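Accompanying notes for the structure given below.
Values in this text are rule-based calculations from the coordinates and carry no lab data. What you see is a predicted model, and the numbers here were worked out from it, not measured in a lab. Cβ atoms come from the backbone with ideal geometry, glycine included; neighbour counts cover every protein chain shown.
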Amino acid sequence: MSTEPVHDSRLKALRTLMKAKGLAAVIVPRQDEFQGEYVAPYAERLKWLTGFKGSWGVGIVHRNKAAIFVDGRYTLQVRQQTDTRLFEPHHLMEDPPSAWIARTVKTNEKLGFDPWVTTVAEARRLKAAADAAGAKLVALPRNPVDMVWKDQPARPSEPIEAHDMAHAGLSAAEKLKAIAATLAGQKADAVLLSDPASVCWALNIRGSDVPYTPFPLAYALVHRKGKAELFADGKRLTPAAKEALKAVAQCRAPGDLAERLAALKGKTVALDPNLAPEAARLALLKAGAKVIEAADPCVLPKARKNATEQEGARAAQKRDGVALTRFLNWVSMNGVKGGFTEETAAEKLRQFREQSNLLRGLSFESISASGPNAAIPHYHMSPETARAITPGEIYLIDSGGQYLDGTTDVTRTVMIGTPTDEMRDRFTRVLKGMIGLSVLRFPKGTTGGHIDAIARQALWKAGLDFDHGTGHGVGSYLSVHEGPARISKAGHTPLEPGMILSNEPGYYKQDAFGIRIENLLLVTEATPVEGGDRAMLGFETLTLAPIDRALIDTKLLTREELHWLDQYHARVVREIAPQLDAPTAAWLKEACAPLT
């Protein structure tokens with residue numbers, strides 16, 4: 001438990017402000033104004049107030065008590081990083097914020113929130129909770145944490161770059177034309193793009209305002225007629241970006257957004273309630289605009305990678321596979337010797353990626369985990385927790401890179417020394433699930449929820465399972481976690497050609513070891529089967545890296561599964577070995593030797 005007095009003083013400062021403003025409670029979410037997975041330092045409001053460093057959480061500060069809500073990934077971490085005497089930890093699902101509000105906030109008390117960091121949908125949920133308590137939900141003109149955070153970092157001011165047609169495949173003009181057609185079908189005059197991924201995709205721009213993801217933090221208004229409007233400091237645009245945007249978009253200062261929303265009086269404006277800030281909806285209604293709620297028009301087209309993006313993904317995965325293969329060879333030579341840790345191993349892999357001279361950055365913080373740490377699916381490595389990589393233990397590395405032509409995400413699990421029979425059994429069952437998805441053919445209209453069980457069958461037969469989704473969408477030099485499609489029990493979006501998804505079943509034995517094998521898959525049109533009467537889709541495996549044969553129990557694999565694995569490994573050798581030095585290529589050929 002943290003006992004640093006700094007969080008006590010910060011909480012007192014916030015409560016002093018609340019009293020001056022007549023507020024009984026305020027909401028402090030981890031999300032910023034753009035609802036992204038990663039936030040810039042200025043927006044780490046929850047971390048500043050509580051000490052909690054997780055990627056999702058929400059705090060509620062009442063005049064008498066305070067609470068912090070996290071999901072199942074962070075139930076242990078939240079207790080380690082926050083002073084539980086100041087902030088009561090709660091599980092998001094088991095004791096949600098609405099229940100806490102109902103029993104803590106009293107009749108007629110005011111519950112304040114920042115409508116810029118709160119989506120339309122979330123504001124509705126907060127209002128329902130406040131109404132149930134007889135309290136009043138109040139949209140605040142300024143974020144209350146910002147008002148007491150004296151040394152708050154400045155907003156990002158990194159350059160905004162053009163994303164070249166050689167990588168984008170479609171011009172911004174073509175994309176904006178398609179969005180305008182969507183607006184015409186909705187009888188809308190404009191749409192507010194509040195997700196930076198959508199802004200980047202629609203206008204073919206990229207930036208570096210947040211870690212791991214090449215976004216500039218910016219909103220955009222796309223009109224059915226006329227130029228789009230990008231709300232970003234024009235000084236941040238590189239000359240190439242200015243030139244590329246001048247025909248399709250006007251660049252306006254971020255502070256001009258409220259004025260431009262007010263100018264839409266009498267217009268019909270579309271918002272995605274799960275992405276757009278409540279502040280935008282309130283501003284439009286105040287101006288006399290009509291608001292319609294509709295899905296972000298960029299989400300599906302962005303997920304369906306065009307031919308250029310698909311070729312870029314193949315090139316990026318191959319390049320990344322070279323780096324990962326060199327790393328796995330390094331682990332094979334040094335693991336049993338000892339002398340390196342989870343932290344030094346992750347750094348070594350980053351160095352191998354950088355040697356391509358094309359790496360723009362990692363796509364997420366690497367999960368480098370040995371022994372019992374690998375049993376934590378979303379393990380967060382730190383200098384304090386980094387274990388030595390030790391013989392007799394499993395080592396799991398989940399990592400990825402950002403390249404101009406694609407985003408990568410790959411997991412390999414390797415044995416340091418000799419595995420136990422249990423390790424080999426569990427690894428092989430995970431592998432069977434990964435292969436099952438890789439070879440799957442399925443009809444159009446199939447969702448990730450329909451196929452998730454295929455990755456779990458072999459585990460289920462042994463009374464085992466894993467508690468995370470099997471796969472997520474991946475962007476094209478954008479976010480490594482991209483919607484709307486995913487392979488999970490809650491995946492409801494039909495899979496379509498061009499979508500890239502991860503295929504990452506796993507198994508985790510608490511306090512012992514963890515296993516995950518991850519390849520990226522591209523949804524494709526499947527070759528017709530003679531006699532078939534229905535068009536089918538399938539997957540093309542993009543990731544190229546060896547799978548540790550020492551952990552495979554071949555008796556558990558069918559002939560077809562063994563054939564797939566041998567063919568996959570032959571492809572890895574064929575595509576990766578020519579780019580390696582002779583000793584590493586020789587190691588790769590041995591690591592990929594046929595099992596049949």
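Taking amide H positions as modeled 1.01 Å from N, with prolines and chain starts lacking one, the residues under 5 Å from residue 491 and 5 or more places away or on another chain are 449. Lysine pair count for segment 26-140 (Cα-Cα distance under 20 Å; residues 8 or more apart in sequence or on different chains): 9.
Within the set of other residues whose C-beta is less than 9 Å from the C-beta of residue 115, count the net charge using Lys and Arg as +1 and Asp and Glu as -1.
Details: positive: 281; negative: 114, 278.
That works out to -1.
Each stretch of four or more DSSP H residues adds -39500 (n - 2.57); spread over every residue of the chain, this sum gives -10500 deg cm²/dmol at 222 nm. Cross-link reach is defined here as a Cα-Cα straight distance under 14 Å, omitting same-chain residues fewer than 8 places apart; for residue 21 the aspartates and glutamates meeting it are 109, 114.
Which stretch or stretches of segment 156-172 have amide N atoms under 12 Å from the point lying 7 Å from residue 243's Cα along the Cα→Cβ direction? Answer for segment 156-172: 162.
What net charge do the residues around residue 456 carry, taking every other residue with its C-beta under 14 Å from that of residue 456, with Lys and Arg at +1 and Asp and Glu at -1? Let's see the in-between values first.
Working: positive: 426, 429, 432, 461, 489, 516; negative: 452, 465, 467, 504.
Summing Lys/Arg as +1 and Asp/Glu as -1 gives +2.
For residue 268, the residues 5 or more places off, or on other chains, whose built amide H falls under 5 Å of its own are 189, 190, 290. Each residue of segment 463-469 was assigned a 3J(HN,Hα) from its phi angle through the Karplus curve 6.51 cos²θ - 1.76 cosθ + 1.60 (θ = phi - 60°); the sequence is x, 10, 6, 9, 9, 9, x Hz, with glycine and proline shown as x. For segment 331-401 and segment 199-258, what is the centre-to-centre distance using only Cα atoms, to the nearest Å? Segment 331-401 and segment 199-258 have Cα centres separated by 36 Å. Taking amide H atoms as placed 1.01 Å from N in the peptide plane, the amide H of residue 210 lies under 5 Å from those of 215, each 5 or more residues away in sequence or on another chain. For the cross-link pairs 177/302; 432/589; 242/290; 305/489; 187/265; 318/461, the ones whose C-alpha atoms lie over 26 Å apart are 242/290; 318/461. Put simply, when 233-239, 317-323 are sorted by average Cβ atoms within 10 angstrom per residue, most first, you get 317-323, 233-239.
The residues neighbouring residue 536, those whose beta-carbon lies less than 15 Å from its own, together hold a net charge of -2 under the Lys/Arg +1, Asp/Glu -1 convention.
Between segment 543-585 and segment 52-80, how far is it from one alpha carbon centroid to the other, in angstrom? Spelled out, the Cα-based centre of one part sits 43 Å from the other.
I need the peptides 517-528, 250-261 ranked by packing, meaning the mean over residues of other C-beta atoms within 10 angstrom, with the highest value on top. Mind showing how you got there, number by number?
Numbers: 517-528: 19.2, 250-261: 16.3.
Ranking, from highest mean packing down: 517-528, 250-261.
For the chain, DSSP calls about 75 percent of its internal beta bridges antiparallel. Using a cutoff of 8 angstrom between alpha carbon atoms and counting only pairs six or more residues apart, the relative contact order for segment 123-236 works out to 24 percent. Under the criterion of Cα pairs below 8 Å and six or more residues apart, the relative contact order for the chain equals 10 percent.
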